[in-house]
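For reference, the structure is listed below as structure tokens.
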Amino acid sequence: MNLLAVGLGSIGRRHTKLFEKYFKNIHIADINPSRLEEAKKTNNIQKTFTDYKEAIKKENYDLILITTPPHLHLKVAKAAVNKNINLFIEKPLGMNSKGWKKIYNKCKKKKLINYVAYCHRHINYTKKLKEILNRKEIEKILNANMRWGSYLPDWHPWEDYRSFYMAKKKQGGGALLDESHGIDLIRYLLGETKNVFARVDKISDLEISSDDHAFLTLELASKSLVQINFDLISRYPRVNLELNGSKGSIIWDRVSHQIKIYNIKKKKWKIYKFNKKDFLNMYSNQTKYLMNLIKRKKITHDQDINDSIKTQNIIDRSFESSIKKRFLKV
């Protein structure tokens with residue numbers, strides 16, 4: 001099979017490398033020639049293009065990896081679907097939810113696989129947490145608190161953070177869009193959101209036009225309350241979720257790679273320990289998941305465009321809530 005990867009930043013190169021063993025021909029496209037040359041050094045590449053439209057016009061592909069900044073996702077997806085190419089879309093889905101339902105309906109009509117890469121679902125200790133919640137180990141979840149923060153200049157120490165798309169609002173950078181893994185996890189673990197209140201802003205001295213803070217309060221359909229704190233200014237990384245139930249508490253921690261369950265009878269923590277490899281394996285697990293979808297020709301699944309529109313709707317309403325300064329229905 002033939003694959004085209006569009007956007008060869010660090011995440012684009014990572015995904016391309018993982019798909020190499022499944023595809024005979026790997027082609028790449030990026031407007032930056034130096035990125036194409038860098039990718040050729042580490043990946044098994046047959047052809048390079050500086051214009052993805054030229055690649056799609058000239059060649060036939062079975063899968064396209066859309067790993068550009070978010071402001072280009074919809075344009076690339078439209079071109080790919082018109083050429084009957086299966087879609088792998090790096091999160092978030094796009095700048096907003098507009099236009100994506102049409103893309104999804106076209107995929108269904110043409111029987112094209114479409115997948116949005118909210119890869120944290122594929123961490124083994126995320127799946128472990130899902131199992132714990134399904135067997136109601138702490139009974140009904142009453143509230144949850146999520147902390148998701150790190151320091152943007154530390155993300156890519158090899159480049160000036162100000163040139164990185166994350167610094168640019170028009171390209172889809174910012175805490176809310178990029179760290180929306182957290183919103184997707186809440187949906188995956190606890191169900192859908194009914195209402196949202198948010199404050200999304202640029203507060204720090206970072207030289208960016210995108211938001212560096214996003215504080216959300218979600219009212220879930222289950223009546224649970226969830227508070228989320230996304231930021232790009234934390235000088236040490238924190239990615240964790242605290243769940244408080246009627247009969248105990250759970251902490252899922254992606255930095256320490258563990259799950260802690262507090263037993264109210266014994267007044268002790270039960271700890272499940274994992275490691276960094278378990279975390280990083282989410283990328284290869286995700287690749288296998290998608291290749292299985294292609295093999296089975298399964299159009300509708302848990303991480304298709306239709307599902308990710310629900311996450312994108314929460315993002316969209318959060319931006320709107322911050323402007324209107326009130327709770328909004330999702």
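Remarks
- Between Thr300 and Lys75, residue separation times 0.36 nm minus the direct Cα-Cα distance comes to 78.8 nm.
- Measuring with a 1.4 angstrom probe and ignoring ligands and nucleic acids, Met1 comes out at about 90 Å² accessible.
- Bridges between two residues of the chain, per DSSP, are antiparallel at a rate of about 60%.
- In nm, spacing of pseudo-spin labels at Lys83 and Ile31 (7 Å Cα→C-beta vector): 1.8
- Whichever aspartates and glutamates have a C-alpha closer than 14 Å to that of Lys324, once near sequence neighbours (fewer than 8 apart) are set aside: Asp201, Asp316
- Normalised contact order of the chain, rounded percent, pairs of Cα under 8 Å and 6 or more residues apart: 19
- Relative contact order for the range 123-198, counting Cα pairs under 8 Å that sit 6 or more residues apart, in percent: 19
- Taking all protein chains into account, the per residue accessible area for the range 153-219 stands at 43 Å² (1.4 Å probe).
- Highest average first, the peptides 160-169, 182-191, 315-324 ordered by how many other beta carbon atoms sit within 10 Å of their residues are 182-191, 315-324, 160-169.
- Over the range 1-136, relative contact order from alpha-carbon pairs under 8 Å, at least 6 apart, %: 21
- Sum of -39500 (n - 2.57) over DSSP H runs of 4+, divided by residues of the chain (222 nm, nearest 500): -10500 deg cm²/dmol
- On a per residue basis, the range 53-114 carries 46 Å² of accessible surface, using protein heavy atoms and a 1.4 Å probe.
- Gln46 paired with Lys329, simple spin-label distance in nm, labels 7 Å along Cα-to-beta-carbon: 5.2
- Label zone at Arg14 (point 7 Å along Cα-to-Cβ), backbone N below 19 Å, the range 290-304: 290-291
- Residue of Lys288, Lys111, Lys276 that the Gaussian network model of the chain assigns the largest fluctuation, springs spanning Cα pairs under 10 Å: Lys276
- Calculated FRET value between Trp158 and Lys128, using beta carbons and R₀ = 41 Å, to 0.05: 0.75
- Helix 181-190 axis versus longest C-alpha principal axis of the chain: approximately 50°, rounded to the nearest ten.
- Violating pairs (Cα-Cα greater than 24 angstrom) within the set Lys21/Lys47; Lys24/Lys288; Lys110/Lys194; Lys101/Lys329; Lys168/Lys288: Lys110/Lys194; Lys168/Lys288
- For Lys298, a cut-off of 16 angstrom between C-alpha atoms picks up these aspartates and glutamates, skipping any fewer than 8 places away in its own chain: Asp62, Asp307.
- Surface composition of the chain: carbon and sulfur make up 50 percent of the accessible area, probe 1.4 Å.
- Rounded to the nearest 10 Å², the accessible area of Thr300 at probe 1.4 Å: 80
- Qualifying lysines (Cα of each under 20 Å from Cα of Lys270; at least 8 residues distant if same chain): Lys127, Lys128, Lys130, Lys136, Lys140, Lys247, Lys260
The values are calculated or read from the model by the stated rules, or taken from the named source; none is laboratory data. From a predicted model like this one, the values you see are computed outputs, not experimental measurements. No Cβ is skipped: glycine too gets one built from the backbone with ideal geometry, and neighbour counts run over all protein chains shown. With ligands, DNA and RNA removed, areas are computed over all heavy atoms of the protein, side chains included. Shrake-Rupley method; radii C 1.70, N 1.55, O 1.52, S 1.80 Å.
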